[in-house]
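Here's the structure we're looking at; comments come further down.
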């Protein structure tokens, strides 16, 4: 009886045994805490990696029978609770002997890290700011582990951060010559487009999930990168935003360029509510600012269970 698991890596020589707290949310949170602390993983440092994981687990769980270490071949790997986690660095890479589906994360990763952090010695604790920054990044890398409501919150955060960072970047580097445009607007007595409205416009672009429009923005950045006036520092910044736009399209599943995938997405786009009515959300078309500059147009915008089974 228990909530057992074994944690090992691909070498399958050492295993860490948990009699209680073997459910996935706890295990991946403990691994994440080790990563947040900057500990070397067992893949990098065989001796110290396992030692640091056991240190964090022991401090968190306490007791004398909840945590064990053994040679992998002799351990109860098929325990009919949570089976065996194969880790890579500080992430769960594989599951062995998994007899029950995983539940999504019940709490936020930030809350989980806080709970683990409070059980560590004072001198070893991280600040809430450090934990929150790491937790946000972890959730963005593990959207598949989040419940739908939490996933929506994280996706919105990704969109808002990308849009805000991108507009700041464009202003700072005169990517679209927005400053000159706004000055001209003021001379004509027209309220200039604000930074906030530009950010909202890009959030709208990301919300639209219009792959062609997002790719057009990426294409313009590719042109900026190849310009003779672009130095290495600016080129690196451009590359980072190209990567972030592509990563966003990967996250929302629109980066597959096959025609069959596009057709299937269109066929599945209509939603029917409980009354039999079409409830599909309609997004207004968004014109990327790259298009605006190229065409000379100006636009003025409107202001769980916790047993691991």
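The values are calculated or read from the model by the stated rules, or taken from the named source; none is laboratory data. Model, not experiment: these values are computed from the prediction. Using ideal geometry, Cβ is built from the backbone for each residue, glycine included, and neighbour counts are taken over all protein chains shown.
The figures follow:
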| read-out | value |
| --- | --- |
| Any hit, region 265-286, residues being surrounded by 14 or more Cβ atoms within 10 Å (Cβ to Cβ) and at pLDDT 85 or above | no |
| Residue match in region 129-139 (condition: over 16 Å from the mean Cα position of the chain (by Cα), at negative phi and not assigned by TED's automatic domain parsing to the domain that holds residue 201) | yes |
| Among residues of region 6-63, those that are more than 24 Å from the chain's Cα centre (by Cα), on the phi > 0 side of the Ramachandran plot and surrounded by fewer than 20 Cβ atoms within 10 Å (Cβ to Cβ), counted | 3 |
| Failed condition for residue 235, given (1) in contact with a helix residue (DSSP H, G or I) (Cβ under 7 Å, 6 or more places away or on another chain); (2) at pLDDT 95 or above | (2) |
| Test: residue in region 99-106 that is over 20 Å from residue 131 (Cα atoms) and part of a strand (DSSP E or B) | no |
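Residue-wise test of (1) modelled with pLDDT of 95 or more; (2) touching a helix residue (DSSP H, G or I) at 6+ places or on another chain (Cβ under 7 Å).
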position: 162; (1), (2): yes, yes
position: 167; (1), (2): no, yes
position: 184; (1), (2): no, no
position: 192; (1), (2): no, yes
position: 197; (1), (2): no, no
position: 204; (1), (2): no, no
position: 210; (1), (2): no, no
position: 221; (1), (2): no, yes
